[in-house]
Amino acid sequence: MKQLNNKHFVLGLTGGIACYKAAELCRSLIKQGATVQVVMTDAASQFITPVTMQALSDRPVFSSQWDPRQTNNMAHINLSRDADAILIAPASADFVAKLLHGRADDLLSLMCLARPIDKVPLIIAPAMNKEMWANPATQRNTAQLKLDGVHVLGVGVGDQACGEVGDGRMLEPFEIVEELESFFTKKVLKGKHVLITAGPTYEAIDPVRGITNLSSGKMGFAIAKACQRAGAFVRLISGPVALNSPRGVERINVTSAQQMYQAVLERVSQADIFVATAAVADWRASSSGEQKIKKMNTSGPPQIDLVENPDILKTVAQLPKAKSGELYCVGFAAESEELQTLAVAKRKSKGVPLLVANLGPATFGRDENALLLVDETGVRELAWASKDELAVELVGEISRRIGSS
Ligand code: C5P
């Protein structure tokens, strides 16, 4: 899914060593379906050449408001009017200060000042030395720019080109692309608080072995990302998985079903929506010894007594706030056969308004899936697609059902 399809950006580069990342950023934007018009300040041209940016953007680069290639000599108007956003990356401390004062003594600052504020948003990705970033002047300037309606992205933390370590690095190109994708997502869950469980649980039998399952957590993480982009505050309670947290999502790591149960119950009172994607182990060993169970030659395999884990979804669906509709619960079912029949029955047994079924063996660990949505009115199929795309569709379905779209 190309999330920035048909979007057009003016990509403004200002003076800073992070200009080298702007080349990758330009490529990434184009890979996501966008078109890019590069505008550079003279200072930016000290760090990377317009030739590089022209080759990557497939358009001539502009730097001067006196550029004769524009027949009416109004590059600042002509180049910005059809843009979906002006993105300044990197935005130097000096350029941030300039924007704050509404100065317009070069093409890029002129273009920012002359843009129709309601139609062409301005997004900046600051990049500077940590002391420059921490300086009260820069902090004051960025705070005021936010009040002026500029979308100021955060900065990264870590090694800086000057040899110092701290806040002020430009976000990585992939992070900026994610921020843009989020920026253009309709905020259908604005103000909502979503609690999600994801991944498998792991039930220890002894210190080295345990009971778990093949859930990768990818579907739950995709839903967390889609909810966050749709404007929700998202808490993601995850079993053991090898996935990075979606940007802006609060993640709580747990191992066992009992820990997941506790983590959910501690937080559910704040939630408006609960999505249980986790593949929770139904049973755990009644006791887990402190030492590894040894293979005994004579006595055969050990007997492992199992006890049932608490059903997190069922418990939450029974809470008064779920029954009153203040909390909207979505359950999942990973089946291996008879999807529809089992899903309809599971929705009833769990007591949830919406149950999403999928064929576990067909999707475990994969980036794609197909979903069957079952509610009181019937069944809707979401055909085989990427988990990211399905998550976006599911968020739309949930927001419609709770009347928040
Ligand atoms: O009963 P089954 O495991 O098939 O139900 C699946 C649904 O119930 C999923 O939404 C899953 O997250 C949830 N579940 C739960 N706690 C359990 C078992 C399942 O929340 N102990």
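The values are calculated or read from the model by the stated rules, or taken from the named source; none is laboratory data. Predicted model only: the values in this text are computed from it and were never measured. All Cβ positions, glycine included, derive from the backbone under ideal geometry; neighbour counts span all protein chains shown. For accessibility, only protein heavy atoms count, side chains too; no ligands or nucleic acids. Shrake-Rupley method; radii C 1.70, N 1.55, O 1.52, S 1.80 Å.
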- [ ] Please go through the stretch 196-218 and pick out each residue that is out of contact with any helix residue (DSSP H, G or I) (no Cβ under 9 Å at 6 or more places or on another chain), part of a loop (DSSP other than H, G, I, E, B) and among the hydrophobic types (A, V, I, L, M, F, W, C).
- [x] Ile205, Val208
Open item on the list: For the stretch 250-259, give me each residue that is open to solvent by less than 20 Å² (accessible area, probe 1.4 Å) and within 24 Å of the chain's Cα centre (by Cα).
Closed with: Val254
Open item on the list: Checking Ile205 against (1) within 16 Å of the ligand (Cβ to nearest atom); (2) closer than 22 Å to Glu290 by Cα; (3) open to solvent by less than 40 Å² (accessible area, probe 1.4 Å): exactly one of these is not met. Which one?
Closed with: (1)
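If you go through the stretch 31-72, how many residues are assigned to a helix (DSSP H, G or I) and open to solvent by less than 60 Å² (accessible area, probe 1.4 Å)?
Of all residues in the stretch 31-72, those assigned to a helix (DSSP H, G or I) come to 31, 42-45, 50-57.
Remaining after also requiring open to solvent by less than 60 Å² (accessible area, probe 1.4 Å): 43-45, 50, 52-53, 56-57.
The number of residues fulfilling the criteria is 8.
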Task: Unmet requirement for Ala334, which otherwise passes all of (1) at pLDDT below 95; (2) out of contact with any helix residue (DSSP H, G or I) (no Cβ under 7 Å at 6 or more places or on another chain) - done: (2)
Task: Unmet criterion (only one of (1) within 13 Å of the ligand (Cβ to nearest atom); (2) out of contact with any Cys (no Cβ under 9 Å at 6 or more places or on another chain)) for Gln291 - done: (1)
- [ ] Just give me the residues in the stretch 301-332 being part of a helix (DSSP H, G or I), open to solvent by less than 80 Å² (accessible area, probe 1.4 Å) and either near the ligand (Cβ under 8 Å from one of its atoms) or not charged (D, E, K, R) (or both), in sequence order.
- [x] Ile312, Leu313, Thr315, Val316, Ala317, Ala322
Open item on the list: Being within 13 Å of the ligand (Cβ to nearest atom) and within 26 Å of the chain's Cα centre (by Cα) is the requirement here; does Leu339 meet it?
Closed with: no
TODO: Scan Ala89, Ala93, Ala83, Ala97 and give me the residue that is over 21 Å from Met53 (Cβ atoms) and crowded, with 17+ Cβ neighbours inside 10 Å.
DONE: Ala93
Open item on the list: Which of the numbered conditions does Lys146 fail, given that it passes all the others? Conditions: (1) open to solvent by 50 Å² or more (accessible area, probe 1.4 Å); (2) more than 28 Å from Asn5 (Cα to Cα).
Closed with: (2)
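Within the stretch 354-363, is even one residue without any contact (Cβ under 8 Å) to a residue 12 or more places away in the chain and surrounded by 13 or more Cβ atoms within 10 Å (Cβ to Cβ)?
Taking the stretch 354-363 and keeping what is without any contact (Cβ under 8 Å) to a residue 12 or more places away in the chain, we get 362.
Filter once more, so that each one left must be surrounded by 13 or more Cβ atoms within 10 Å (Cβ to Cβ): 362.
Yes, the stretch 354-363 contains at least one residue that is without any contact (Cβ under 8 Å) to a residue 12 or more places away in the chain and surrounded by 13 or more Cβ atoms within 10 Å (Cβ to Cβ).
Can you give me the ranges of the helices (runs of 4 or more DSSP H) entirely in the stretch 99-150 with at least 1 residues that are over 19 Å from Cys19 (Cβ atoms) and among the charged types (D, E, K, R)? I'd like the intermediate steps shown before the answer.
Numbers: elements: 107-113, 130-134, 136-147.
Those helices (runs of 4 or more DSSP H) span 130-134, 136-147.
Can you tell which of Ile123, Ile117 is assigned by TED's automatic domain parsing to the domain that holds Ala34, of a type outside the set (Phe, Trp, Tyr) and open to solvent by 50 Å² or more (accessible area, probe 1.4 Å)?
Working: Ile123 fails: open to solvent by 50 Å² or more (accessible area, probe 1.4 Å).
None of the other options fit; the residue is Ile117.
Conditions (1) assigned to a loop (DSSP other than H, G, I, E, B); (2) over 25 Å from Gly210 (Cβ atoms); (3) at pLDDT below 95; (4) not polar (S, T, N, Q), marked per residue:
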residue	(1), (2), (3), (4)
Gly220	no, no, no, yes
Ile223	no, yes, no, yes
Ala226	no, yes, no, yes
Gly231	yes, yes, no, yes
Val234	no, yes, no, yes
Leu243	yes, no, no, yes
Arg247	yes, yes, yes, yes
Arg251	no, no, no, yes
Val264	no, no, no, yes
Open item on the list: Given (1) under 20 Å from Lys387 (Cα atoms); (2) not in a helix (DSSP H, G or I), identify the lone condition not met by Ser288.
Closed with: (1)
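Kindly provide the set of residues from the stretch 231-259 that are within 16 Å of the ligand (Cβ to nearest atom) and small (Gly, Ala, Ser), ordered by number. Break it down stepwise before answering.
Pass one, the stretch 231-259, residues within 16 Å of the ligand (Cβ to nearest atom): 235-241, 252, 254-259.
Within the stretch 231-259, Ser238, Gly239, Ser256, Ala257 meet the criteria.
In the stretch 344-353, which residues are open to solvent by 10 Å² or more (accessible area, probe 1.4 Å), assigned to a loop (DSSP other than H, G, I, E, B) and within 12 Å of the ligand (Cβ to nearest atom)? Reasoning before the result, please.
Residues of the stretch 344-353 that are open to solvent by 10 Å² or more (accessible area, probe 1.4 Å), as a first pass: 344-351, 353.
Next, only the ones that are assigned to a loop (DSSP other than H, G, I, E, B) stay: 351, 353.
Result: Gly351, single match.
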TODO: Residue by residue through the stretch 333-343, note down the ones that are among the acidic types (Asp, Glu) and surrounded by fewer than 17 Cβ atoms within 10 Å (Cβ to Cβ).
DONE: Glu337, Glu338
Open item on the list: I need a count of the residues in the stretch 260-283 that are open to solvent by 50 Å² or more (accessible area, probe 1.4 Å) and within 12 Å of the ligand (Cβ to nearest atom).
Closed with: 4
TODO: Kindly indicate whether Ala230 is within 25 Å of Ala385 (Cβ to Cβ) and either over 14 Å from the mean Cα position of the chain (by Cα) or open to solvent by less than 20 Å² (accessible area, probe 1.4 Å) (or both).
DONE: yes
